[in-house]
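J.: Sharing a structure with you now.
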Amino acid sequence: MAKHTANGEAKENPYLSHRAPHERMSGSSGKNPMEGLVWRQVTGKQARRVLDADVNPFANGGLRPYSASYKKILQKRKELPVYAQMEEFYEKFNNNQIMVMIGETGSGKTTQIPQFVALTDLEQHRGTASGQAPKMIACTQPRRVAAMSVAKRVAEEMDLTLGNEVGYTIRFEDMTDRSTFLKYMTDGMLLREAMNDPNLSRYSTVILDEAHERTLATDILMGLLKDVAKRRPDLKIIVMSATLDAIKFQKYFNNAPLLKVPGRTFPVEIFYTQEPEKDYVEAAIRTVLMIHQAEEPGDILVFLTGEDEIEDACRKIRNEADKLLDEEPDLCGPLKAVPLYSSLPPAQQQRIFDAAPQPAREGGPPGRKVVVSTNIAETSLTIDGIVYVVDPGFSKQKVYNPRIRVESLLVSPISKASAQQRAGRAGRTRPGKCFRLYTEKDWAAELIEQTYPEILRSNLANTVLELKKLGIDNLVTFDYMDPPAPETVMRALEMLNYLGAFDDTGNLTPLGEMMAEFPLDPQLAKMLITSPEFRCSNEILSIAAMLSVPSVFVRPSQSLQRQQADAARAEFAYPDGDHLTLLNVYHAYKNNAVDFSTGADWCWQNYLSHRALIQADNVRQQLQRTMEKFDLDLVSLPFEDKRYYTNIRQAIACGFFMQVAHKSGGGSGKSAYTTVKDNQVVAPHPSTSLDHMPEFLVYHEFVLTTRNFIRTVTEVRPEWLLDFAPAYYDPRTLDGELRRVFEGILKRRESQGHSAKKPRH
């Protein structure tokens, strides 16, 4: 690739500018396969030549021979449908700033398209001869699991090291370094980056994958990227979807060109139940065992709604399968149940790609694998070998009621589009079968066509804060693909206004600017930012971290173990509230976890999740760095100070004063609470550590089940609420008993000549 001038002198190769000067000449030995490639003019033929070469041009630190496994994986990649359309992809990519791509699950779009882009954008990453700043390729995913597992797969395919040239970034975890040129990330992380870099100047190409999921972050990113594209003609944007809703995306992006890639599918036979199932989890387990006994070899994929359901189903399937193997060894082989959900550690997530177990004895029936997953396996991840799908027809979906300001994850019927995606998983390797655990009549009448976009069913406080930070002042005229309800936007603005994030003109206050920088909900961010004023920022950091990870408490399903777990939990209980119980757990963990092994043993003995506590520790470190960035003091009162726990409770109240429940006058028992302003009758969750019924409780979340529960509750005093949020607790805006309580406090203060204490922020 060395060029020669008229006088015969060899010039340096600009594509090798990342290497030391003496390495930049490309001779016959180790010839650079990128020779002749021109930025954003690459053809499919040229790309194939690079991929078929003997040396790896992407490796940081110079050319190196490809490994034997690279060649083996490359042969598999060439079988993917998207590979056959490489020429068409480059033609559209090179000649358009924005393109839309529809690729069914299994087409290879998520793993291959970013690699195709890397071949034409590598010069942008390495910095050109003109000294342009290096740029990366971003590929967003709605789910953490997908970002992590796809990055790992692509690093293997490119014969590179995960965390170096190919990496991923998710909330509270950054697996990239200075050599990274291809970054998989959650859509929320790219949105956070845009707050500090509105032009996304670190990226040459942004790929929005799984756009059909219409997450809140993806919808906002589409609006932002549409605007950034006008300011940055060099930025390329690819919007990828697995469902055939291309026209809507094309129209939104000013009739952007479409590339359609078929999936690699075989026919799938669909079965419905004759009658609705009363218990879909039990029905799913029954169906799995029926398939295992009666159907041809092939793995099974079951869709359930969450971690508890999935772990419970896996345990029951294992028990029943083991019994079958003992009783009827000639009827069926071993059955391996593997869970998949977002909070599963990466190493355990990878088990879904393991082969099915071998026969229990030589010549015996073959083994089978069953993957029990949330809807992440619908489109985000492709699992080879699946021949049978069991679809109960439900998923957990976020719903928001702006009138009572309650956002919850509810088990809800899926859409027809989701049902089709699920069925399609069965036809990847050969003709398959999908067992729908609902009637055909319900499929036709009860299932909506498409899942509603998240922006139409979410609390928008965080989004409004992010948009304001991005400099978007008019939230009504922002270019949403589907505009949210005005009431939802108004509720978000109202909440942020009460939290002190906006001034009288609607601009962000210094507090609001800081709140936007924390990867937390606004109330948690406010609690953390104001905590130094209560001299408890170290403790609030720990509480915020514990609230940001899955539950640390392990509660087994077996009766005796469950009693032991409850007794272990009681050892950490603080009678005034659950936030302080979480703090006790974190302190005890830090005092006992000298190293990984002792930490794991201690957690096992105390029925605590070691994984969740490690995660909380990592989250705490990241939040601490953000606090240090804003010069927020890290302070604590001496433990023996009588104000130690009181001040922590005050800091919690300062952030969560809008999530307060008041003990109802005539009620008895733990259910006699009503939420302030919204008048919802609630009860503290049965897991609470409270040993009495305080007049006022602050709560972290509202749980909608068969009845209304408030979870993670702590006692607060009405005087604090009046001090920290006088406008919100103005007696004139309250009714009945609440009005009398706060009027009484004001009268007492007037008679005693006291004034309210307010935090500075």
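J.: Which residues, taken from segment 86-98, are crowded, with 23+ Cβ neighbours inside 10 Å and under 12 Å from LYS260 (Cα atoms)?
T.: PHE89
J.: What tally of residues in segment 163-184 results from selecting those that are part of a strand (DSSP E or B) and buried (at least 18 other Cβ atoms within 10 Å of the Cβ)?
T.: 9
J.: Could you tell me which of the residues LEU520, LEU499, LEU508, LEU467 is farther than 27 Å from SER542 by Cβ, buried (at least 18 other Cβ atoms within 10 Å of the Cβ) and under 26 Å from the mean Cα position of the chain (by Cα)?
T.: LEU467
J.: Further, regarding this structure: Within segment 587-601, track down each residue that is farther than 26 Å from SER636 by Cα and aromatic (Phe, Trp, Tyr).
T.: Across segment 587-601, the qualifying residue is only PHE596.
J.: Just checking, how many residues over segment 271-301 are in contact with a helix residue (DSSP H, G or I) (Cβ under 8 Å, 6 or more places away or on another chain) and either among the charged types (D, E, K, R) or outside the structural domain of ASP330 (by TED's automatic domain parsing) (or both)?
T.: Of the residues in segment 271-301, 1 are in contact with a helix residue (DSSP H, G or I) (Cβ under 8 Å, 6 or more places away or on another chain) and either among the charged types (D, E, K, R) or outside the structural domain of ASP330 (by TED's automatic domain parsing) (or both).
J.: OK, next. Taking interchain pairs and intrachain pairs at least six residues apart, which have beta carbon atoms under 7 angstrom, with the first residue in segment 489-504 and farther than 16 Å from LYS677 by Cβ and in contact (Cβ under 8 Å) with a residue 40 or more places away in the chain and the second part of a loop (DSSP other than H, G, I, E, B) and not small (Gly, Ala, Ser)?
T.: Matching pairs, first to second residue: GLY500/THR509; GLY500/HIS761.
J.: Restricting to segment 445-500, count the residues that are part of a helix (DSSP H, G or I), under 29 Å from CYS654 (Cβ atoms) and of a type in the set (Gly, Ala, Ser).
T.: The qualifying residues number 2.
J.: Report, by residue number, each residue of segment 185-213 that is within 22 Å of GLY103 (Cβ to Cβ) and either among the aliphatic types (A, V, I, L, M) or in a loop (DSSP other than H, G, I, E, B) (or both).
T.: If the condition is that a residue be within 22 Å of GLY103 (Cβ to Cβ) and either among the aliphatic types (A, V, I, L, M) or in a loop (DSSP other than H, G, I, E, B) (or both), then MET185, LEU190, VAL206, ILE207, LEU208, ASP209, GLU210, ALA211 are the ones that fit.
J.: Scan VAL166, VAL150, VAL145, VAL154 and give me the residue that is more than 19 Å from the chain's Cα centre (by Cα) and within 17 Å of THR382 (Cβ to Cβ).
T.: Only one candidate qualifies: VAL154.
J.: Regarding segment 545-558, can at least one residue be identified that is part of a helix (DSSP H, G or I), crowded, with 21+ Cβ neighbours inside 10 Å and of a type in the set (Gly, Ala, Ser)?
T.: Checked against the condition, which is being part of a helix (DSSP H, G or I), crowded, with 21+ Cβ neighbours inside 10 Å and of a type in the set (Gly, Ala, Ser), segment 545-558 yields at least one hit.
J.: Mind checking whether some residue in segment 232-252 is within 21 Å of GLN421 (Cα to Cα), part of a helix (DSSP H, G or I) and without any contact (Cβ under 8 Å) to a residue 60 or more places away in the chain?
T.: Among the residues of segment 232-252, at least one is within 21 Å of GLN421 (Cα to Cα), part of a helix (DSSP H, G or I) and without any contact (Cβ under 8 Å) to a residue 60 or more places away in the chain, which makes the answer yes.
J.: Related question: Is it the case that segment 205-214 has a residue that's more than 18 Å from the chain's Cα centre (by Cα), assigned by TED's automatic domain parsing to the domain that holds GLU104 and either within 30 Å of GLY61 (Cβ to Cβ) or not charged (D, E, K, R) (or both)?
T.: yes
J.: Of all the residues that make up segment 310-369, how many are touching a residue at least 12 places away in the same chain (Cβ under 8 Å) and in a helix (DSSP H, G or I)?
T.: Total meeting the criteria: 19.
J.: Being at pLDDT 90 or above, basic (Lys, Arg) and crowded, with 18+ Cβ neighbours inside 10 Å is the requirement here; does ARG422 meet it?
T.: yes
J.: Yes or no: GLN659 within 26 Å of the chain's Cα centre (by Cα), closer than 19 Å to ILE529 by Cβ and among the polar types (S, T, N, Q)?
T.: So GLN659 fits the description; yes.
J.: May I pose another question? Within segment 508-515, identify whether any single residue is of a type outside the set (D, E, K, R), touching a His at 6+ places or on another chain (Cβ under 6 Å), in contact (Cβ under 8 Å) with a residue 40 or more places away in the chain and farther than 30 Å from ARG611 by Cα, and answer yes or no.
T.: So far as segment 508-515 goes, yes, one or more of its residues are of a type outside the set (D, E, K, R), touching a His at 6+ places or on another chain (Cβ under 6 Å), in contact (Cβ under 8 Å) with a residue 40 or more places away in the chain and farther than 30 Å from ARG611 by Cα.
J.: Now, a different point. Cβ contacts < 7 Å: first residue more than 16 Å from CYS603 (Cβ to Cβ), restricted to segment 558-573; second residue of a type in the set (Val, Ile, Thr) and assigned to a helix (DSSP H, G or I), any location; separation 6+ or different chain. Result?
T.: ALA573/THR581
This table checks each residue for (1) at pLDDT 95 or above; (2) over 26 Å from TRP39 (Cα atoms).
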| position | (1), (2) |
| --- | --- |
| TYR184 | yes, no |
| ASP197 | no, no |
| GLU210 | no, yes |
| ASP227 | no, no |
| ASP245 | no, yes |
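J.: Considering only segment 287-302, state which residues are under 14 Å from ILE317 (Cβ atoms) and either in contact with a Lys or Arg (Cβ under 9 Å, 6 or more places away or on another chain) or surrounded by fewer than 16 Cβ atoms within 10 Å (Cβ to Cβ) (or both).
T.: Answer for segment 287-302, where residues must be under 14 Å from ILE317 (Cβ atoms) and either in contact with a Lys or Arg (Cβ under 9 Å, 6 or more places away or on another chain) or surrounded by fewer than 16 Cβ atoms within 10 Å (Cβ to Cβ) (or both): MET290, ILE291, HIS292, GLN293, ASP299, ILE300, LEU301.
J.: Enumerate the pairs (first residue in segment 139-156 and assigned by TED's automatic domain parsing to the domain that holds VAL206; second residue anywhere and part of a loop (DSSP other than H, G, I, E, B) and of a type in the set (D, E, K, R)) with beta-carbon separation below 7 Å, excluding pairs fewer than 6 apart on the same chain, so at least 6 apart or on different chains.
T.: Every condition considered, the pairs that remain are CYS139/ASP209; THR140/ASP209; GLN141/ASP209; GLN141/GLU210; PRO142/GLU210.
Residue-wise test of (1) assigned to a loop (DSSP other than H, G, I, E, B); (2) under 29 Å from the mean Cα position of the chain (by Cα); (3) over 14 Å from GLY655 (Cα atoms).
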{"site": "ASN679", "(1), (2), (3)": "yes, no, yes"}
{"site": "THR688", "(1), (2), (3)": "yes, yes, yes"}
{"site": "VAL698", "(1), (2), (3)": "no, yes, no"}
{"site": "GLU701", "(1), (2), (3)": "no, yes, no"}
{"site": "ILE710", "(1), (2), (3)": "no, yes, yes"}
{"site": "TRP720", "(1), (2), (3)": "no, no, no"}
{"site": "ASP723", "(1), (2), (3)": "no, no, no"}
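J.: With (1) touching a helix residue (DSSP H, G or I) at 6+ places or on another chain (Cβ under 8 Å); (2) of a type outside the set (Asp, Glu); (3) surrounded by 17 or more Cβ atoms within 10 Å (Cβ to Cβ) as the list, and LEU331 as the residue in question, which single condition is left unmet?
T.: Just one mismatch for LEU331, condition (3).
Every residue, every condition in (1) in contact (Cβ under 8 Å) with a residue 60 or more places away in the chain; (2) closer than 23 Å to THR733 by Cα, yes or no:
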| position | (1), (2) |
| --- | --- |
| THR626 | yes, no |
| ASP633 | yes, no |
| SER636 | yes, no |
| ALA651 | yes, no |
| VAL660 | yes, yes |
| THR674 | no, yes |
| LEU690 | yes, no |
| THR714 | yes, no |
| PRO718 | no, yes |
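J.: Within segment 52-64, identify whether any single residue is farther than 30 Å from PHE249 by Cα, touching a Pro at 6+ places or on another chain (Cβ under 6 Å) and assigned to a helix (DSSP H, G or I), and answer yes or no.
T.: No, because not a single residue in segment 52-64 is farther than 30 Å from PHE249 by Cα, touching a Pro at 6+ places or on another chain (Cβ under 6 Å) and assigned to a helix (DSSP H, G or I).
J.: Does GLN680 satisfy being more than 17 Å from SER542 (Cβ to Cβ), among the polar types (S, T, N, Q) and exposed (fewer than 13 other Cβ atoms within 10 Å of the Cβ)?
T.: Answer is no for this residue.
J.: Still on this structure, please answer the following. One residue is enough: does segment 402-410 have a residue meeting the conditions under 26 Å from SER149 (Cα atoms) and assigned to a strand (DSSP E or B)?
T.: Checked against the condition, which is being under 26 Å from SER149 (Cα atoms) and assigned to a strand (DSSP E or B), segment 402-410 yields at least one hit.
J.: Right, here's the next one. Taking PRO114 as meeting all but one of (1) at pLDDT below 95; (2) under 30 Å from ALA419 (Cα atoms), write down the number of the exception.
T.: (1)
J.: So GLN397 ticks every box in (1) closer than 22 Å to THR186 by Cα; (2) outside any strand (DSSP E or B); (3) out of contact with any helix residue (DSSP H, G or I) (no Cβ under 6 Å at 6 or more places or on another chain); (4) not aliphatic (A, V, I, L, M) but one. Which box is left unticked?
T.: Looking at each condition in turn, GLN397 falls short on (2).
The values are calculated or read from the model by the stated rules, or taken from the named source; none is laboratory data. Note that the structure is predicted; figures quoted are calculated from it, not measured. We place every Cβ from the backbone using ideal geometry, glycine too, and count neighbours over all the protein chains shown.
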